[in-house]
Structures are given as C-alpha cells and as structure tokens.
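Have a look at the structure below, then the notes.
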Amino acid sequence: MFELPKLNYPNSALSPIMSEQTLDLHHGKHHQTYITNLNNFIKGSEYEKLTLEDIIKKSSTEKKLGIFNNASQHWNHNLFWRCMKPNGGGNVPSKLENKIKQDFGSVKKFREEFINAGIAQFGSGWCWLSLKEDKLVVTKSPNAENPIIHNMKPILGCDVWEHSYYLDYKNKRPVYLENFFDKLINWEFVESLL
Ligand code: MN3
C-alpha cells in the first residue's frame with residue numbers, strides 16, 4: 001500500500017508563489033487520489049509486490065494505462081514536492097552549476113530551455129531536467145509520462161497541469177514557470193540527485 005508522503009514544509013510556506021489553497025488541493029486531494037487509485041488497481045495483482053519504479057516500467061511496457069498513469073503521477077509528485085522549498089531559487093550550488101554549464105552553456109540558457117519546455121507542453125504534463133547517461137537534458141512529457149521509461153533519471157520536475165497553477169496564476173503558465181524556477185526550486189536537493 002502506498003501512502004501520501006508528508007511535505008517537508010507547511011502548506012502555507014510557499015505562499016504567495018504557490019498558495020496554501022493550491023497545496024491543500026494539489027497535495028491533499030490530487031496526489032492522494034493518484035495513490036488511492038493506484039492501491040485499488042494493484043490490489044491482489046502481481047504488481048502489488050513491486051517497487052514504484054518497477055510498477056511504472058512494467059505497466060508502461062504492458063500498456064496498463066490505469067496503473068501506469070497513477071503510479072507515474074505518484075512518482076512525479078514525490079519528486080516535485082521535494083524540488084521546492086520556502087525561499088527557494090537563487091544561486092545554483094557549484095557542482096550542479098558546473099554540470100549545467102558543461103551541458104547547456106550557462107545557467108541562463110538552461111533556465112530558458114526548461115521554462116520553454118514547460119510552456120511548449122500542449123495541455124497537461126511536465127517539464128524535466130534529467131540525466132541521460134551522464135549528460136543533463138531538458139525534456140517535456142504529456143500527462144503522467146515520466147522520463148524513467150525512456151531510460152533517463154529525472155532530478156528536477158515541474159508540474160504544468162492546470163491544477164498546479166490555475167488558482168494562483170490563472171492562464172499565465174509562463175509566469176508560474178518563471179516563479180517556480182526563480183523562487184521555489186530547492187537546488188541543494190536537485191544537486192543531491194546528480
Ligand atoms: Mn499535479
């Protein structure tokens with residue numbers, strides 16, 4: 001049985017960049033629903049004994065969409081919550097900064113590429129920074145899809161489903177993405193996944 005992970009900060013702590021109401025609904029309702037659905041789908045099946053990552057890979061291969069969507073969204077949100085902190089953003093720690101410079105040219109170029117990926121994702125989905133072999137890459141994905149099914153290791157993910165920003169930013173997804181990048185990212189955590 002999977003359970004909703006506690007956030008490392010109070011639901012009000014990211015306000016006004018991400019409001020308490022958004023976190024109440026997004027963490028307490030949306031994420032919880034993915035977990036409830038996942039538990040119901042796998043109950044009594046061969047999936048029940050697998051790790052979350054193995055459930056994602058197996059259900060993707062077997063095209064079990066109900067399991068895949070809910071398992072992947074559980075994984076995606078687990079990463080997303082930890083990628084943020086109160087008073088986040090700011091300078092990228094040196095080890096990660098050097099890797100970003102090596103693979104993107106500059107932090108500024110990486111920022112632009114990451115935000116543009118989130119803007120360019122048509123409809124619901126995610127934008128990511130992942131390790132592909134040992135190179136950092138930016139990608140986007142529709143709905144629940146996660147880069148791990150394409151043999152990448154995500155180290156930063158931003159939820160661009162409307163439930164993540166509509167209460168605070170209405171239709172202004174680009175402003176949400178800029179604020180996420182500049183004011184919410186927990187760079188120490190992201191670096192720890194390198
Ligand atoms: Mn979400």
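Among the candidates 72, 141, which residue alone is buried (at least 16 other Cβ atoms within 10 Å of the Cβ), on the phi < 0 side of the Ramachandran plot and not in a helix (DSSP H, G or I)? Being buried (at least 16 other Cβ atoms within 10 Å of the Cβ), on the phi < 0 side of the Ramachandran plot and not in a helix (DSSP H, G or I) holds for just one of 72, 141, which is 141. Working only within region 53-69, note down all residues that are free of Cβ contacts under 8 Å to residues at least 60 places away in the same chain and either outside any helix (DSSP H, G or I) or among the aromatic types (Phe, Trp, Tyr) (or both). Correct list: 62, 63, 64.
Which of the numbered conditions does residue 111 fail, given that it passes all the others? Conditions: (1) surrounded by fewer than 16 Cβ atoms within 10 Å (Cβ to Cβ); (2) away from the ligand (no atom under 13 Å from the Cβ); (3) touching a residue at least 40 places away in the same chain (Cβ under 8 Å). Residue 111 satisfies every listed condition except (1). Within region 25-52, the set of residues being more than 26 Å from residue 151 (Cβ to Cβ) and touching a residue at least 40 places away in the same chain (Cβ under 8 Å) comprises 25, 26, 27, 30. Of the residues making up region 158-188, those that are part of a helix (DSSP H, G or I), of a type in the set (Phe, Trp, Tyr) and farther than 20 Å from residue 108 by Cβ number 3.
The numbers here are math on the coordinates, done by the rules we state, and not lab data. Since this is a predicted model, take the numbers as computed values, not measurements. Neighbour counts run over all protein chains shown; Cβ positions are idealised from the backbone, glycine included.
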